[in-house]
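Student: Below are the structure tokens for one structure; questions will follow.
Every read-out reported here was derived from the displayed coordinates using simple, explicitly stated rules and does not represent laboratory data. Because the structure is predicted, anything quoted here is derived from the model rather than measured. Here Cβ is always computed from backbone atoms with ideal geometry, including for glycine, and neighbour counts include all displayed protein chains.
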Amino acid sequence: MDQKKRIFSGIQPSGDLTLGSYMGAIKSWAALQEDYDCLFCIVDMHAITVRQNPADLRRRTLEQMAQYIACGLDPEKNIMFVQSHVPQHAELSWVLGCYTQFGELSRMTQFKDKSAKHADNITAGLFTYPVLMAADILLYQADLVPVGQDQKQHVELCRDIAARFNNSFPDTFTIPEPFIPKMGARIMSLGTPENKMSKSEPDGCVFLMDSPEDIARKFKRAVTDCETAVRYDKENKPGVSNLLTIYCAATGKTIEQAEADFAGQGYGVFKPAVGEAVIELLRPIREESQRLLKDKAYLEAVCKDGAEKASYLATKTLRKVYKKVGFVAR
Ligand code: AQP
């Protein structure tokens, strides 16, 4: 029997998970778990590349595990773990950093964007973030990395680092491929639909744990335009197009069906209907997350079990890497 391909994927606990995190990433991960050998990580070490409140980071990490499970990721089928519980990520990151050029990291657009946003705190960690991401992937010899458009450059760099390392030390790393799942939708902010819905920018975000009342209110206030037609036109009608994308992702309808549903009805009917579809989509996820969060011992056990399984795989790679670069065996 063919061995399943391995996938590594992670989300930073840098804010509460949003509708964008779900529709753009977690929902498609859930569809992959049957056919692939998946590792789903909560990348808390990446989150501290910008300042975090420690109590919030701790709370969000456990909440994120509950939400992964509530969204349909199965801890029995996948390796689900917290990045900082597996110290090999930091260890491999150091070695890979010594095989990465300063110039390569300087060209990363996410570094340029984030350093502009956090101009008072441009840390070495923010600069070397892609090296840690390469370590996350290469540690597990992942074949595929599901990524949004904004992370594609980082996966390209990871491939370059792996190829360079393999060139000096053959057969060390699997070269991973970026993988853009078919179902992934890019969800924009409800307030500024030109920008991505981002969990570290709460304005215009719908969070997975929002109450139905909050969701309804947010959709009623969503920015649209001064026309009345519900029509998909990303260029000229970014707000309405984003709402249509959300409505279709929530209901499984096509854009054409959705446009037909609201033909001649105006935004006063359309916006609350999108809100309603999202309320029903998120209701079971919120309720199951709340149930799981009451069972802290279970969530901690999932994290512990995941870290042990991840660590077993990570140790094999790290041992090989240490030997190849010339470190004396412990
Ligand atoms: N709005 C979105 N639409 C579609 N996909 C999204 N993702 C995030 N927001 C949307 C996808 O989620 C995965 C993990 O994201 P991440 O948290 O590791 O990093 P990010 O993309 O930088 O997410 P945020 O919410 O914008 O976080 P901050 O503000 O902390 O940087 C990725 O696959 C991403 O595409």
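Student: Just to compare against my own numbers: the Cα pair-distance distribution for segment 83-220, 5 Å bins, whole % per bin, please.
Tutor: 2, 9, 15, 17, 17, 14, 11, 8, 4, 2, 1, 0
Student: As a footprinting exposure proxy, order Tyr247, Tyr312, Tyr232 by other Cβ within 10 Å, with the fewest listed first.
Tutor: Working: Tyr247 25, Tyr312 11, Tyr232 16.
Ordered from fewest to most neighbouring Cβ atoms within 10 Å, Tyr247, Tyr312, Tyr232 come out as Tyr312, Tyr232, Tyr247.
Student: Reachable lysines from Lys114, Cα under 21 Å, same-chain residues fewer than 8 places away excluded?
Tutor: Leaving aside lysines fewer than 8 places away in the same chain, those within reach of Lys114 are Lys152, Lys196, Lys199.
Student: Between rounded, prolate and oblate, where does segment 267-330 land on the alpha carbon gyration tensor, with a ≥ b ≥ c its root eigenvalues, rounded for a/c under 1.5, else prolate if a/b exceeds b/c? Before the final figure, lay out the partial values.
Tutor: On the way: a/c = 7.60, a/b = 2.44, b/c = 3.11.
It comes out oblate by the Cα gyration axes.
Student: Right, next: Looking only at segment 303-330, which residues have a backbone nitrogen under 18 Å from a spot 7 Å from the Cα of Asp171 in the C-beta direction?
Tutor: Counting only backbone N, you get 316-326.
Student: List, in order, the whole-Hz ³J(HN,Hα) value for each residue of segment 197-211 obtained from phi through the Karplus relation with A = 6.51, B = -1.76, C = 1.60 and θ = phi - 60°; use x for Gly and Pro.
Tutor: 5, 10, 5, 8, 10, x, 4, x, 9, 10, 9, 4, 9, 4, 6
Student: While we're on this one: What does the C-alpha gyration tensor say about the overall shape of segment 209-291? Classify as rounded when a/c is under 1.5, otherwise prolate if a/b is larger than b/c, or oblate. Walk me through the numbers before you get to the answer.
Tutor: Numbers: a/c = 2.32, a/b = 1.79, b/c = 1.29.
Prolate, because a/c is 1.5 or more and a/b exceeds b/c.
Student: Additional query: So if each residue of separation counts as 0.36 nm, and I subtract the Cα-Cα distance between Asp150 and Arg164, what length gain in nm does that give? Working shown, then result.
Tutor: Values: separation 14, 0.36 × 14 = 5.04 nm, distance 2.33 nm.
Extra length from Asp150 to Arg164 when fully extended: 2.7 nm.
Student: Per residue of segment 120-133, in order, report the coupling 6.51 cos²θ - 1.76 cosθ + 1.60 (Karplus, θ = phi - 60°) as ³J(HN,Hα) in whole Hz, putting x for Gly and Pro.
Tutor: After applying 6.51 cos²θ - 1.76 cosθ + 1.60, I find 7, 8, 8, 8, 4, x, 5, 5, 9, 2, x, 6, 5, 5 Hz.
Student: So what is the calculated 222 nm ellipticity per residue for the chain, using -39500 (n - 2.57) for each DSSP H run with n of 4 or more, over all residues, to the nearest 500 deg cm²/dmol?
Tutor: Working: 13 runs with 170 residues, N = 330.
It comes out at -16500 deg cm²/dmol, rounded to the nearest 500.
Student: Just the projected area, averaged over all directions, of the convex hull on the alpha carbon atoms of the chain: how many nm²?
Tutor: Over every viewing direction, the Cα hull of the chain projects on average to 18.7 nm².
Student: Give the residue from Ile279, Thr254, Tyr232 lying farthest towards the positive end of the charge dipole for segment 209-291; charges sit on Cβ (+1 for Lys and Arg, -1 for Asp and Glu) and the dipole is referred to the Cα centre.
Tutor: Ile279
Student: Taking the Cα atoms only, what angle lies between the long axis of helix 238-251 and the longest principal axis of the chain, rounded to 10 degrees?
Tutor: In the chain, helix 238-251 runs at an angle near 80 degrees to the longest axis.
Student: Which ³J(HN,Hα) values, rounded to whole Hz and listed in residue order, are derived for segment 27-36 from phi using the Karplus coefficients 6.51, -1.76 and 1.60 in 6.51 cos²θ - 1.76 cosθ + 1.60 with θ = phi - 60°, glycine and proline given as x?
Tutor: 4, 6, 4, 4, 6, 8, 5, 6, 9, 10
Student: A further question on this structure: With a ≥ b ≥ c taken as the square roots of the eigenvalues of the C-alpha gyration tensor of segment 1-110, please select rounded if a/c is under 1.5 and otherwise prolate if a/b is larger than b/c or oblate if it is not?
Tutor: oblate
Student: Which three extents, in whole angstrom, do the alpha-carbon atoms of segment 63-127 cover along their principal axes, largest first?
Tutor: 42, 29, 17
Student: Another question, then. Could you state the angle between the C-alpha long axis of helix 54-70 and the longest principal axis of the C-alpha atoms of the chain, as a value from 0 to 90 degrees rounded to the nearest 10?
Tutor: It works out to around 70 degrees.
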